[in-house]
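*Asks:* Take this structure, written in structure tokens, and hold onto it; I'll ask about it next.
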Amino acid sequence: MINQNAKNENPEMQIQCEFGDSIRELQISKLLKQSNIKGKSGKSFYEVFQFLLLLVFQNCNLFHFLNSKKQDTAFSKNTYYRFLNNTSFNWSKFITLLSAKVIAYFDTLTRPERVMCLVLDDSVVPRERSKKVELLSYVFNHVIGKTVKGFNMLTVGWTDGFSFIPVGFNMKASAKAEKRVVEANSSIDKRSNGFKSRRNAVISKPEAAIKLIQNALNAGVKASYVLMDTWFTNEPFIDKVLALGVDVIGMLKDNKQFYFYKGHKCNLKQLGKLVSFSKPGNILYSICVETGKQRIPVKLVFVRNRNKRSEYIVILSTDCGMSNEEIIRTYGNRWSIELFFRAGKSLLDLGTEFQGLSYDMTVSSTAIVYTRYILLEWMRRKKNDDKTICELFYVCCDDIQDMELTTALKQLLELLVNGLQNRAITITNEVKSQLINWFVSQPLFIQALCPNFGWEV
């Protein structure tokens with residue numbers, strides 16, 4: 001048993017212990033075996049996996065670690081590279097099994113009426129300096145607005161508004177052969193999982209996205225909506241998602257898509273001219289229309305653009321019974337996948353930790369980063385959610401509530417005022433004066449939220 005004081009004094013040891021506890025609690029060794037991630041010596045493969053999982057917290061990469069003073073605690077370099085390049089491992093299945101198990105646990109902490117969503121998005125993993133990486137392709141990076149060499153990391157995740165869990169991914173190469181720098185290794189056994197992952201890498205992005213959503217639902221992941229950005233929010237894709245039994249909420253872009261409104265065939269600009277935008281708030285208008293070809297009933301919510309208030313953005317929902325506020329609030333959960341991409345790349349070495357030449361290493365290294373994120377979210381939720389303590393806390397504690405910014409700010413100010421008033425004896429006049437001066441300096445709409453803020457000084 002590890003000494004508690006030693007653990008507290010050594011952050012590295014503490015991380016290893018917390019991850020080890022989570023790995024055992026989630027029975028990850030069993031999930032690895034179910035995904036064919038095993039070898040002749042199951043124990044050694046399990047230890048290799050644990051080592052690679054925790055490597056990012058050593059503040060060095062594999063090469064530097066194997067050349068450091070700690071090399072005696074590790075396996076040989078070839079052992080790790082054989083593990084990462086194994087074509088029989090089914091990393092996609094492992095991530096789905098792990099995420100489904102974590103989500104099932106989170107579901108027990110969430111009220112039945114709370115909305116759960118799948119979030120779909122992609123992010124470019126650049127490999128600009130690479131020349132011989134298998135299935136390396138020219139892909140368009142929307143962030144910088146130009147084409148780069150790399151992979152398109154298509155991801156579907158799950159969120160309840162409090163946690164985000166990545167459920168599946170596809171490290172996509174270009175579906176067009178002329179945009180692929182290097183083709184797939186032709187010597188790979190066609191019966192292997194490595195061959196299947198290579199085949200899935202070159203299918204179209206909509207087809208790959210539908211497969212990811214279907215795999216998540218088949219694994220038992222509960223979701224009422226699929227949240228997506230403008231690239232995916234088009235009629236053919238919406239129709240395919242609806243066929244899976246879930247609704248769609250996505251942002252629209254002003255393109256050639258047409259809608260039927262009161263017998264008129266209109267695009268978004270024409271719809272904007274038909275409706276009235278006289279409301280002073282951020283939600284300008286909402287209308288129910290039908291898509292151009294399939295005649296799918298959808299609700300369009302016109303929201304004022306914060307960056308340019310004279311313009312608007314449009315959010316589409318296939319659930320026409322949702323209120324405008326609920327559609328916007330639910331779509332706001334899509335931001336969680338952007339935070340996941342940011343954390344994965346900047347903190348967990350996504351796309352940069354292992355840069356081998358085989359496509360198998362590209363997939364396995366990505367899966368290891370996804371596993372890190374899932375375990376970190378698991379530990380965070382168990383540590384911070386009071387409902388994880390026992391049944392009594394589950395009954396007594398309410399779920400985190402979705403609310404508008406103004407409501408949250410008002411409640412925060414009321415807590416501040418009440419707390420200070422209850423401790424008025426200990427609050428000096430100088431502190432009171434500073435708080436009043438701060439409050440007076442705030443915009444009028446903030447002052448209006450809490451008109452009773454103040455004391456006689």
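The values are calculated or read from the model by the stated rules, or taken from the named source; none is laboratory data. Keep in mind it's a predicted model, so treat the numbers as computed, not measured. Glycine also receives a Cβ, built like all others from the backbone with ideal geometry; neighbour counts cover every protein chain displayed.
*Asks:* When only residues in segment 108-141 that are of a type outside the set (D, E, K, R), touching a strand residue (DSSP E or B) at 6+ places or on another chain (Cβ under 8 Å) and free of Cβ contacts under 8 Å to residues at least 24 places away in the same chain count, which is surrounded by the most Cβ atoms within 10 Å (Cβ to Cβ)?
*Replies:* ASN141
*Asks:* Among (1) in contact with a Ser or Thr (Cβ under 7 Å, 6 or more places away or on another chain); (2) without any contact (Cβ under 8 Å) to a residue 12 or more places away in the chain, where does ASN215 come up short?
*Replies:* Only one criterion in (1) in contact with a Ser or Thr (Cβ under 7 Å, 6 or more places away or on another chain); (2) without any contact (Cβ under 8 Å) to a residue 12 or more places away in the chain is unmet by ASN215, namely (2).
*Asks:* For segment 161-191, name all the residues that are touching a Lys or Arg at 6+ places or on another chain (Cβ under 6 Å) and more than 19 Å from SER364 (Cβ to Cβ).
*Replies:* Once the filter is applied, which keeps residues that are touching a Lys or Arg at 6+ places or on another chain (Cβ under 6 Å) and more than 19 Å from SER364 (Cβ to Cβ), segment 161-191 yields SER163, SER174.
*Asks:* Check whether at least one residue in segment 190-197 is hydrophobic (A, V, I, L, M, F, W, C) and assigned to a helix (DSSP H, G or I), and report yes or no.
*Replies:* Looking for residues that are hydrophobic (A, V, I, L, M, F, W, C) and assigned to a helix (DSSP H, G or I), one finds at least one in segment 190-197, hence yes.
*Asks:* Further question on the same structure: Return the residues of segment 211-237 that are in a helix (DSSP H, G or I) and over 24 Å from ASN255 (Cα atoms); say none if nothing qualifies.
*Replies:* Selection gives LYS211, LEU212, ILE213, GLN214, ASN215, ALA216, LEU217, ASN218.
*Asks:* I'm told TYR105 meets every condition in (1) over 26 Å from the mean Cα position of the chain (by Cα); (2) of a type in the set (Phe, Trp, Tyr); (3) surrounded by fewer than 18 Cβ atoms within 10 Å (Cβ to Cβ) except one. Can you identify the failing condition by its number?
*Replies:* (1)
*Asks:* When the residues of segment 301-330 are narrowed to those that are of a type in the set (Ser, Thr, Tyr) and surrounded by 17 or more Cβ atoms within 10 Å (Cβ to Cβ), which ends up farthest from PHE258 (Cα to Cα)?
*Replies:* Here the residue is THR330.
*Asks:* If you scan segment 156-180, which residues turn out to be assigned to a strand (DSSP E or B) and more than 12 Å from the chain's Cα centre (by Cα)? Full working, then the answer.
*Replies:* If we filter segment 156-180 for residues that are assigned to a strand (DSSP E or B), which is where we start, we get 156-159, 164-172, 180.
Passing the criteria: ASN170, MET171, LYS172, ARG180.
*Asks:* When you scan segment 202-210, do you find a residue that is under 30 Å from VAL102 (Cβ atoms), touching a Gly at 6+ places or on another chain (Cβ under 8 Å) and in a helix (DSSP H, G or I), even just one?
*Replies:* So far as segment 202-210 goes, no, none of its residues is under 30 Å from VAL102 (Cβ atoms), touching a Gly at 6+ places or on another chain (Cβ under 8 Å) and in a helix (DSSP H, G or I).
*Asks:* Also: The conditions are (1) in a loop (DSSP other than H, G, I, E, B); (2) touching a Gly at 6+ places or on another chain (Cβ under 9 Å), and ALA184 fails exactly one of them. Which is it?
*Replies:* Here ALA184 meets the rest and fails (2).
Matching residues to (1) under 21 Å from SER35 (Cα atoms); (2) of a type in the set (S, T, N, Q); (3) in the same structural domain as LYS172 (by TED's automatic domain parsing):
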position	(1), (2), (3)
ARG191	yes, no, yes
SER197	yes, yes, yes
VAL226	no, no, yes
THR230	no, yes, yes
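*Asks:* Follow-up. Go through segment 300-329 and give me each residue that's touching a residue at least 12 places away in the same chain (Cβ under 8 Å), touching a strand residue (DSSP E or B) at 6+ places or on another chain (Cβ under 6 Å) and of a type outside the set (A, V, I, L, M, F, W, C).
*Replies:* Matches in segment 300-329: ARG304, TYR312, SER317, THR318, ASP319, ASN324.
*Asks:* Another question about this same structure. Taking into account only those residues within segment 52-91 that are of a type in the set (D, E, K, R) and surrounded by 12 or more Cβ atoms within 10 Å (Cβ to Cβ), which is farthest from THR155 (Cα to Cα)?
*Replies:* LYS70
Every residue, every condition in (1) of a type in the set (S, T, N, Q); (2) surrounded by fewer than 21 Cβ atoms within 10 Å (Cβ to Cβ), yes or no:
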residue: VAL226; (1), (2): no, no
residue: ASN234; (1), (2): yes, yes
residue: ILE249; (1), (2): no, no
residue: CYS266; (1), (2): no, yes
residue: ILE283; (1), (2): no, yes
residue: GLN294; (1), (2): yes, yes
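*Asks:* Have a look at THR406, THR371, THR362, THR352 and point out the one that is at pLDDT below 65, out of contact with any Gly (no Cβ under 7 Å at 6 or more places or on another chain) and more than 17 Å from ARG111 (Cβ to Cβ).
*Replies:* Numbers: THR371 fails: at pLDDT below 65; THR362 fails: at pLDDT below 65; THR352 fails: at pLDDT below 65.
Just one listed residue meets the conditions, THR406.
For (1) farther than 23 Å from SER197 by Cβ; (2) touching a helix residue (DSSP H, G or I) at 6+ places or on another chain (Cβ under 9 Å); (3) among the hydroxyl-bearing types (Ser, Thr, Tyr), each residue gets a yes or a no:
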position	(1), (2), (3)
LEU62	no, yes, no
LYS70	yes, yes, no
SER76	yes, yes, yes
LYS93	no, yes, no
LEU97	no, yes, no
LEU109	yes, yes, no
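*Asks:* Tally time: how many residues in segment 140-156 are over 10 Å from MET171 (Cα atoms) and in contact with a helix residue (DSSP H, G or I) (Cβ under 9 Å, 6 or more places away or on another chain)?
*Replies:* Counting residues in segment 140-156 that are over 10 Å from MET171 (Cα atoms) and in contact with a helix residue (DSSP H, G or I) (Cβ under 9 Å, 6 or more places away or on another chain) gives 2.
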